[in-house]
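Asks: This is the structure, below, for whatever I ask next.
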Amino acid sequence: MPVFSVRKSIRIAAPVQQVYDLVRDFKSWPAWSPWLIAEPAAKMTYSPDGRGYAWEGDITGSGEMEITGGDPPWSIQYRLTFLKPWKSVNQVAFHFSEHDHETLAEWTMEGTLPWFMWWMKGMMTGYIGADYERGLKMLKDLAETGSVPTKLDFTGTQPAGGFRYVGVKSSCPTADIGPSMERDMAKLMAWMGKSSAAPSGPAFSITHQRDPVKGLTEYTIGFPVTGAVEVHNGFVSGEIPTCRAYVVKHTGAYRHLGNAWAAGMMHGRAKKFAADKKVPLFEIYDNDPTATPEAELVTRVHLPAK
């Protein structure tokens, strides 16, 4: 059986006991779980002693998690059993330590894949690692502020695209995509201020390629424009064709936008829509981040559909 291992961590400005209590209480998991956010209506069943829970859903599949050991408040060990879409048993753990009045939370998984999925080992490690990073970001917000600024609405398949654009195309580590996009947007705004080009709609970005194994993303960030615009010196132009797309509306901080992408992909695997791979994935930013509180930022993630 192919064996895989995942290990991710984050620093949280909260006491160890507080972070431990959030992780130990399974009823708090829906607020920060990187999987349950894709299906808030999934059925949750908690054991009477609080040491385990089970879930069942159309998007998230089904499974069970049970506490098997640990050293409170420094560690917790679990047995995670997936029942659907395939059966597997994985060993999961959290480890906590104090550093400069903060808590270092480390989340690990040791598991196996069905023998016929040996070729997915690297990809599975990348995807689960990305899920862990999303979950840890939400856990950090929950521990530090008492809430998580991320909300998803699944608006279904609808007409989309049909516009020309100018933008900046870049490639960067996926973990650095936020700062990278900020730099490119500043560059684009400065250029547009000196040119005759004028935005005909809100800013957007295209995801050309995202490699979960290497942790790299290639993207274009830009503005829609009317008519042809001459570009040079590192700027690009192109067109998002008229298409249909499965739209996931994300309300909240840009650092949690990965929740919308991951949930959209999960909905695709659950056959809520059939992906059209001829059109790139894109997201549209409905409001100005310099004038909008982060909890109110609206981004519409578009997954092109047949």
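What follows draws every value from the coordinates through simple rules; no lab data is involved. A quick note: this is a predicted structure, and the numbers were derived from the prediction, not measured. Positions of Cβ are backbone-derived with ideal geometry, glycine not excepted, and every protein chain shown enters the neighbour counts.
Asks: If the reach is capped at under 17 angstrom between alpha carbons, list the aspartates and glutamates near Lys271, excluding any in the same chain fewer than eight residues apart.
Replies: By straight Cα distance, Lys271 reaches Glu39, Glu56, Asp58.
Asks: List Ile12, Ile76 from most exposed to least, where exposure is judged by having the fewest other Cβ atoms within 10 Å.
Replies: Details: Ile12 22, Ile76 19.
Lowest count first: Ile76, Ile12.
Asks: Once the piece of chain linking Thr112 and Lys84 is laid out straight, how much longer is it, given 0.36 nm per residue of separation minus the C-alpha distance between them? Walk me through the intermediate numbers first.
Replies: Values: separation 28, 0.36 × 28 = 10.08 nm, distance 1.46 nm.
Extra length from Thr112 to Lys84 when fully extended: 8.6 nm.
Asks: Same structure again: Can you check what the net charge comes to around Tyr20, using other residues whose Cβ is under 12 Å from the Cβ of Tyr20 (Lys, Arg +1; Asp, Glu -1)? Intermediate values should be presented prior to the final figure.
Replies: Values: positive: Arg24; negative: Asp21, Asp25, Asp71, Glu98.
Around Tyr20, the surrounding residues sum to -3.
Asks: Right, something else. Expressed as a whole number of Å, what is the distance separating the alpha-carbon centroids of region 20-98 and region 191-253?
Replies: 37 Å
Asks: Counting Lys and Arg as +1 and Asp and Glu as -1, each charge on the Cβ, what is the dipole of region 3-147 about the Cα centre in debye, to the nearest 20? Spell out each step's value before the answer.
Replies: Values: 14 positive and 18 negative charges, 89 e Å.
So the magnitude is around 420 debye.
Asks: Mind checking the dipole of the chain: about its Cα centre, +1 per Lys or Arg Cβ, -1 per Asp or Glu Cβ, Debye to the nearest 20? Present the calculation step by step, with values, prior to reporting the outcome.
Replies: Details: 32 positive and 32 negative charges, 224 e Å.
So the dipole magnitude of the chain works out to roughly 1080 debye.
Asks: Compute the helix-to-body angle for 121-145: its Cα long axis versus the longest principal axis of the chain, expressed 0 to 90° and rounded to tens.
Replies: Approximately 90 degrees, to the nearest ten.
Asks: Strictly over 27 Å apart at the Cα level, which of Lys27/Lys140; Lys27/Lys84; Lys43/Lys214; Lys87/Lys272 would you flag in this model? List each step's numbers first, then the result.
Replies: Values: Lys27/Lys140 17 Å; Lys27/Lys84 22 Å; Lys43/Lys214 34 Å; Lys87/Lys272 22 Å.
Checking Cα-Cα distances, Lys43/Lys214 exceed 27 Å.
Asks: Using the count of nearby Cβ atoms within 10 Å as a rough guide to exposure, how do Arg210, Arg7 rank from fewest to most? Mind showing how you got there, number by number?
Replies: On the way: Arg210 17, Arg7 14.
Exposure proxy ranking, most exposed first: Arg7, Arg210.
Asks: Compute the long axis of helix 177-194 from its Cα atoms, compare it with the longest principal axis of the Cα atoms of the chain, and write down the angle in degrees, 0 to 90, nearest 10.
Replies: 10 degrees
Asks: Quick one: compute the contact order of the chain, relative version, from alpha carbon pairs under 8 angstrom and 6+ residues apart, as a percent.
Replies: Working: 654 pairs, mean separation 56.8, N = 306.
RCO, the chain: 19 percent.
Asks: Hey, if you put +1 on the Cβ of every Lys and Arg and -1 on every Asp and Glu Cβ in region 3-147, which of Ala54, Gly126, Tyr78 ends up farthest toward the positive end of that dipole?
Replies: Ranked along the dipole, the leading option is Gly126.
Asks: Here is a further query. Report the local net charge at Lys8: Lys and Arg +1, Asp and Glu -1, summed over other residues whose C-beta lies under 13 Å from its C-beta. Don't skip to the answer; put the middle values down first.
Replies: Working: positive: Arg7, Arg11, Arg134, Lys137, Lys140; negative: Glu106, Asp131, Glu133.
Neighbour charge sum, excluding Lys8 itself: +2.
Asks: Let me ask something additional. When the helices in the chain are scored as -39500 (n - 2.57) per DSSP H run of 4 or longer and the sum is shared across all residues, what 222 nm value do you end up with, to the nearest 500 deg cm²/dmol?
Replies: Numbers: 4 runs with 64 residues, N = 306.
For the chain, the value works out to -7000 deg cm²/dmol.
Asks: Calculate the FRET efficiency for Lys306 and Lys194 from the Cβ-Cβ distance with a Förster distance of 35 Å, rounded to the nearest 0.05. Can you show the working numbers first?
Replies: Working: r = 41 Å, r/R0 = 1.17.
Rounded to the nearest 0.05, the efficiency is 0.30.
Asks: Moving on. Rounded, prolate or oblate: which fits region 1-58, taking a ≥ b ≥ c as square roots of the Cα gyration tensor eigenvalues, rounded meaning a/c under 1.5, else prolate when a/b beats b/c? Can you show the working numbers first?
Replies: On the way: a/c = 1.61, a/b = 1.15, b/c = 1.41.
It comes out oblate by the Cα gyration axes.
Asks: Taking only Cα atoms, what is the 0 to 90° angle, nearest 10, from helix 258-269's long axis to the longest principal axis of the chain?
Replies: Taking the Cα atoms of the chain, the angle to 258-269 is about 80 degrees.
Asks: Can you give the FRET efficiency for Asp21 and Lys271, using 1/(1 + (r/R0)^6), R0 = 51 Å, r = Cβ-Cβ distance, to the nearest 0.05? If you can, show how the numbers build up before the last one.
Replies: Working: r = 38 Å, r/R0 = 0.75.
E between Asp21 and Lys271, to the nearest 0.05, is 0.85.
Asks: Taking the beta-carbon count within 10 Å as an exposure proxy, list Phe96, Phe154 from fewest neighbours to most.
Replies: Numbers: Phe96 21, Phe154 17.
If I rank by nearby Cβ atoms, fewest first, I get Phe154, Phe96.
Asks: What does the net charge come to around Ala262 if you take all other residues with beta carbon closer than 9 Å to its beta carbon, with K and R at +1 and D and E at -1? Mind showing how you got there, number by number?
Replies: Numbers: positive: Arg134; negative: Asp131.
Result for the neighbourhood of Ala262: 0.
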